[in-house]
Amino acid sequence: MHTKVVTLTVDGLNITGQLYLPPGRVPYPTVCVCHGIPASIPDPSDRGYALLAEQICRQGFAVLIFNFRGTGDSGGNLDILGWTRDLKAAIDYLCSLPEVDKSHLSLLGFSGGAAVSIYVAAQDNRVSSVVACACPAAFTFFTQVDKPQSVIDHFRSIGAIRDDDFPPSAEEWLGGFKLVSPINYVAGISPRPLLLVHGSEDETVDIRYAYKLYDRAGEPKQLEIVDGAQHRLRQNGRAMAIVLDWLKSHAKISL
């Protein structure tokens, strides 16, 4: 496979990523992978999303992975509304490439990245399908805390909020999490296909969220509960096998 370093400029920030292109005839069905909200200081040796991208690419897909603002080598600070703009810019970039089959552009999101994927896809018909893994129905932890500053201090301590003067308003920053509530947008994905994947033992996002999202979503939709799996589904072989089979079936790929 061929790989290419990608740098997008969004709101004056550099958003860094990597594009993976398989061999064979262009254009390729394409998957844009959206990571979750960091819970701790990142492990620089963790190649989890790169390994996942390589796995998907070997199945005949072009794959884009990137770091949302405030994470990895991307600039800026963690800001969920900013994340929605980052993802829109990633879609713009993919749609500009001759290698990308615009009729098969899927989003694969994990946790907070899944929430952003649903929010953006509901308002952008360029997205042909969505896979949401361990997705919250709403960011209740962020929006119901008594002391917003404590949430900001946590993200500052793990390097996701980097500037001393960010955010200008803690209330507005938290309000972004309230706005980007998948439960309010998931119905807007229909009639495009939606796959929801959740671990039965998810310790971070309650499994009830998966059922709530499924109930609210329109057709076609599919819900897969992975028995015994916890929150980090990208590390679960059974979950990723389900995701890959579903993506291939909707991209009409048979290998």
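The values are calculated or read from the model by the stated rules, or taken from the named source; none is laboratory data. It should be emphasised that the depicted structure is a prediction, and the values quoted were computed from it without experimental measurement. Remember, those area values only see protein heavy atoms, side chains included, never the ligands or the DNA or RNA. Shrake-Rupley method; radii C 1.70, N 1.55, O 1.52, S 1.80 Å.
With the whole protein complex present, Asp153 retains an accessible surface near 80 Å², based on a 1.4 Å probe. If the Kirkwood radius is taken over C-alpha pairs of segment 16-59, then at 4 °C and 1.567 mPa s the Stokes-Einstein diffusion coefficient equals 105 µm²/s.
For the chain, the C-alpha radius of gyration divided by 2.2 N^0.38 Å, with N the number of residues, is 0.95. When the residues Arg85, Arg234 are ordered by accessible surface, computed with a 1.4 Å probe over the protein chains alone, the sequence from largest down reads Arg85, Arg234. For Leu213, the accessible surface of its heavy atoms amounts to roughly 0 Å² (probe 1.4 Å, protein chains only, rounded to the nearest 10). Extension gain, Thr140 to Thr7: 0.36 nm times the residue separation minus the Cα-Cα distance gives 44.7 nm.
With the convex hull of its Cα atoms as the shape, segment 126-225 has an orientation-averaged projected area of 7.6 nm². When the residues His250, His35 are ordered by accessible surface, computed with a 1.4 Å probe over the protein chains alone, the sequence from largest down reads His250, His35. The rule of thumb for compact globular proteins, 2.2 N^0.38 Å, goes into the C-alpha radius of gyration of segment 81-154 1.31 times.
Sorting Lys102, Lys248, Lys178 by solvent-accessible area of protein heavy atoms yields Lys178, Lys102, Lys248, largest first, with a 1.4 Å probe. When the alpha carbon gyration tensor of segment 172-255 is reduced to an equivalent ellipsoid, the three semi-axes, largest first, read 23, 19, 12 Å. Within the accessible area of the chain, the carbon and sulfur atoms contribute 50%, probe 1.4 Å, all protein chains present.
Among beta bridges from DSSP that stay inside the chain, the antiparallel ones total about 35%.
Each listed q (0.16 Å⁻¹) maps to a log10 I(q)/I(0) for segment 1-116 from the Debye sum over equal C-alpha point scatterers, namely -0.70. Taking every protein chain into account, the accessible area of the chain amounts to 45 square angstrom per residue (probe 1.4 Å).
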